[in-house]
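K.L.:
Okay, here's the structure, questions in a sec.
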Amino acid sequence: MAINYQKVAFTASYGLPSQVPASTLPEVSFVGRSNVGKSSIMNKIFNRKRLVKVSNTPGRTQNINFFNAGIADFVDLPGYGYAKVAKKDKDRWRTLIEGYFNQDRRFALCCVLIDIRHDVSELDKQMISFLLAREIPFMIVFTKADKMSSKSAVRRQMAKLVKQLSASGDAVVVATSSLDGTGIDDVRTLIEDAIAQARA
Ligand SMILES: Nc1nc2c(ncn2[C@@H]2O[C@H](COP(=O)(O)OP(=O)(O)O)[C@@H](O)[C@H]2O)c(=O)[nH]1
Ligand SMILES: [Mg+2]
């Protein structure tokens, strides 16, 4: 069964992991540094302009936001790694992310977003190690490919970042742009495959 992206709707926002109800459907989640393009790619996948709020102020305190797509839920998780946030906000981020992933939930796929222009950060590596340790299926989504000068530059940069990600083993990687749509169909296909597997 395909996802009806046109019918995706916001369901709820949670400020504490304990508020998140038990999962009933397979969940597709999005993590990455704040400003990496999580909200933008979710809107692009859903083919909606402003369902998920896009922010120009990185590091803003965030919640766990749920969107229902009929056969699956999409989960926008708080962004990490913004240098200017206070320690209590970083602690809050950790509590939310770890609280969510430590629950007994139907994790279909976690999309780990990394800006293709930047080196892989220590926090990206920690996030991936955490997902590996918890055995949560994930893929690497490089964002903002439109900012690269050419397709060959995208390929070269991807190869470099994949090397930096050596610890993540054989994870699937995709280069995307929420501006021009590069890679979005591939991401949709991978998400749909993961949901189908979680339902099997
Ligand atoms: N050029 C370009 N800009 C993007 C892309 N994705 C997001 N942005 C911009 O990056 C900023 C942060 O995006 P947002 O989706 O709010 O990131 P989030 O904090 O991870 O949810 C916004 O100014 C977006 O317009 C992309 O694929 N290409
Ligand atoms: Mg966002």
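The values are calculated or read from the model by the stated rules, or taken from the named source; none is laboratory data. This is a predicted model, so every value here is computed, not measured. Ideal geometry is used to build each Cβ from the backbone, glycine not excepted, and the neighbour counts take in all protein chains shown. Surface areas here come from the heavy atoms of the whole protein model, side chains and all, with no ligands, DNA or RNA. Shrake-Rupley method; radii C 1.70, N 1.55, O 1.52, S 1.80 Å.
K.L.:
Can you tell me which residues in region 96-122 are surrounded by 15 or more Cβ atoms within 10 Å (Cβ to Cβ) and more than 28 Å from Gly181 (Cβ to Cβ)?
P.N.:
Correct list: Leu96, Ile97, Gly99, Tyr100, Phe101, Arg105, Arg106.
K.L.:
Looking at region 128-151, which of the residues that are assigned to a helix (DSSP H, G or I) and open to solvent by 50 Å² or more (accessible area, probe 1.4 Å) is farthest from Arg94 (Cα to Cα)?
P.N.:
Lys151
K.L.:
What residue, among those in region 24-46 that are under 18 Å from the mean Cα position of the chain (by Cα) and part of a loop (DSSP other than H, G, I, E, B), is farthest from Asp124 (Cα to Cα)?
P.N.:
Checking each candidate, the answer is Leu25.
K.L.:
Taking only region 178-195 into account, find how many residues are open to solvent by 30 Å² or more (accessible area, probe 1.4 Å) and touching a residue at least 12 places away in the same chain (Cβ under 8 Å).
P.N.:
8
K.L.:
State yes or no: is Arg92 open to solvent by less than 60 Å² (accessible area, probe 1.4 Å) and under 18 Å from Asn65 (Cβ atoms)?
P.N.:
No.
K.L.:
Moving on to the next point. For region 19-42, enumerate the residues that are surrounded by fewer than 23 Cβ atoms within 10 Å (Cβ to Cβ) and near ligand 2 (Cβ under 9 Å from one of its atoms).
P.N.:
Ser34, Asn35, Ser39, Ser40, listed by residue number.
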